[in-house]
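What follows is one structure encoded as structure tokens, with my remarks underneath.
The values are calculated or read from the model by the stated rules, or taken from the named source; none is laboratory data. Here the structure is a predicted model, which means the values were calculated and not measured. For neighbour counting, all protein chains shown are included, and Cβ atoms are generated from backbone atoms with ideal geometry for every residue, glycine included. Each accessible area value is taken on the protein alone, full model and side chains, heavy atoms only, with ligands, DNA and RNA left out. Shrake-Rupley method; radii C 1.70, N 1.55, O 1.52, S 1.80 Å.
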Amino acid sequence: MSVVLEEISEALKKGKSKTVKEKVQQAIDEGIPVKTILDESLLKSMGEIGVRFKANEIFVPEVLVAARAMNAGLALLEPLLAEEGVEPIGTVVIGTVKGDLHDIGKNLVAMMLRGAGLEVIDAGVDVSTDKFLELAEKHNAQIICMSSLLTTTMEATGEIIKEMEERGVRDKYKIMIGGAPVTDEFAKKVGADYYTPDAATAAEVAKQIVTA
């Protein structure tokens, strides 16, 4: 790996957004292929962060600053990747369900999904069935990720899935759900495809879905 790619990786792991941005620009200026910069510094390092997060070696604040650093680098690469016709591996719509305004967990999952090479359409919080489906249709998503942090809003997940069945669109998307009160048993009960207990696992599962 070239020196500048190593420097990007190290800066990303330490959450140094400014350094990542400067070094990504340096790599571009040196003529390193954009896809190489993406794969061998940003995505690779974010993958390592995910592994360490799952192993409880680092925690949410460290992941968030690393993800912000990754996003600073991505902002420079995305227009160049689009010019070269480099496509994301898949598209995910993510949001916190209607009635729930929590977003830290959702934001963390969104960042890890981006770190896995997916395009992420963030619907925000308090998201209705209509909004989820409108965005999924518009962006040709393969996955809808729903987050709920309250026991009182968990049931909205099931209602959205039920409504999707009634509209005849349930089979178009894989449904992933998560959040503090959510369990695998609950996911099965409401008819979701996957429950993931943390952001790193969500990114792994989503990647498997779109590359299967």
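Which percent of the accessible area of the chain is formed by carbon and sulfur heavy atoms (probe 1.4 angstrom)? Let's see the in-between values first.
Values: 5300 of 10300 Å².
Solvent-exposed carbon and sulfur of the chain make up 51 percent of the total.
If you look at just the Cα atoms of segment 92-137, how large are its Rg and its Dmax in Å?
Values for segment 92-137 (Cα only, Rg and Dmax): 10.3, 30 Å.
Segment 1-103: percent of C-alpha pairs farther apart than 21 Å? Intermediate results must be reported in sequence, preceding the final value.
Values: 2048 of 5253 pairs.
Across segment 1-103, Cα pairs with separations above 21 Å total 39 percent.
For the chain, compute Rh as the Kirkwood radius over C-alpha pairs and then the Stokes-Einstein diffusion coefficient at 25 °C and 0.890 mPa s; write the answer in µm²/s, rounded to an integer.
Working: Rh = 17.6 Å.
Taking Rh from Cα pairs, D becomes 140 µm²/s.
Mind grabbing the accessible area of Arg167 for me, 1.4 Å probe, Å², rounded to tens?
Here the accessible area works out near 110 Å².
Just report the Cα centroid separation between segment 164-212 and segment 85-114, whole Å.
Rounded to whole Å, the Cα centres lie 13 Å apart.
With a sphere of radius 11 Å drawn around the Cβ of Val20, what net charge do the other residues whose Cβ falls strictly inside it have (Lys, Arg +1; Asp, Glu -1)? Mind dumping the intermediate values first?
Working: positive: Lys13, Lys14, Lys16, Lys18, Lys21, Lys23, Arg68; negative: Glu7, Glu10, Glu22.
Charge balance in the 11 Å sphere: +4.
Grab segment 10-130 and count how many Lys pairs have their alpha-carbon atoms under 23 Å apart, sequence gap of 8 or more, or different chains.
So the count of such lysine pairs works out to 26.
Please compute the contact order of the chain in relative form: average sequence separation of alpha-carbon pairs under 8 Å and at least six residues apart, divided by the residue count, as a percent. Let's see the in-between values first.
On the way: 361 pairs, mean separation 39.5, N = 212.
With pairs under 8 Å counted, the relative contact order is 19 percent.
Let's test the formula: R0 of 35 Å, r as the Cβ-Cβ distance of Thr36 and Lys138. What FRET efficiency results, to the nearest 0.05? Display every interim value, and only then the final one.
Working: r = 31 Å, r/R0 = 0.89.
Computed FRET efficiency for Thr36 and Lys138 comes out at 0.65.
Rank-order 143-152, 172-181 by packing density, defined as the average count of other C-beta atoms within 10 Å over each peptide's residues, highest first. Present the calculation step by step, with values, prior to reporting the outcome.
Working: 143-152: 22.5, 172-181: 20.4.
Put in order of decreasing packing, that is 143-152, 172-181.
Taking only DSSP H segments of four or more residues, each worth -39500 (n - 2.57), what value at 222 nm results for the chain once the sum is divided by all its residues, to the nearest 500 deg cm²/dmol?
Helices in the chain give a 222 nm mean residue ellipticity of -18000 deg cm²/dmol.
What angle do you read, to the nearest 10 degrees and between 0 and 90, between the alpha-carbon axis of helix 60-83 and the longest principal axis of the chain?
Approximately 70 degrees, to the nearest ten.
Under 1.5 on a/c is rounded, so check that first for segment 1-61, then, if it is not, pick prolate when a/b is larger than b/c and oblate when it is not; a ≥ b ≥ c are the square roots of the alpha carbon gyration tensor eigenvalues. Walk me through the intermediate numbers first.
Numbers: a/c = 2.99, a/b = 1.92, b/c = 1.56.
Taking the square roots of the gyration eigenvalues as a ≥ b ≥ c, segment 1-61 is prolate.
Please list the radius of gyration and Dmax for segment 67-191, considering alpha-carbon atoms only, with Å as the unit.
14.9, 46
Report the full-extension gain for the segment Glu62 to Ala82: residue separation times 0.36 nm, less the Cα-Cα distance, to one decimal in nm.
Contour length minus Cα-Cα distance gives 4.3 nm.
Checking the a/c ratio against 1.5 first, then a/b against b/c, what shape does the Cα gyration tensor give for segment 144-198?
Here segment 144-198 falls in the prolate category.
I'd like to check one number: the per residue accessible area of segment 66-173, probe 1.4 Å, reported in Å² as a whole number.
On the way: 4920 Å² over 108 residues.
Accessible area per residue, segment 66-173: 46 Å².
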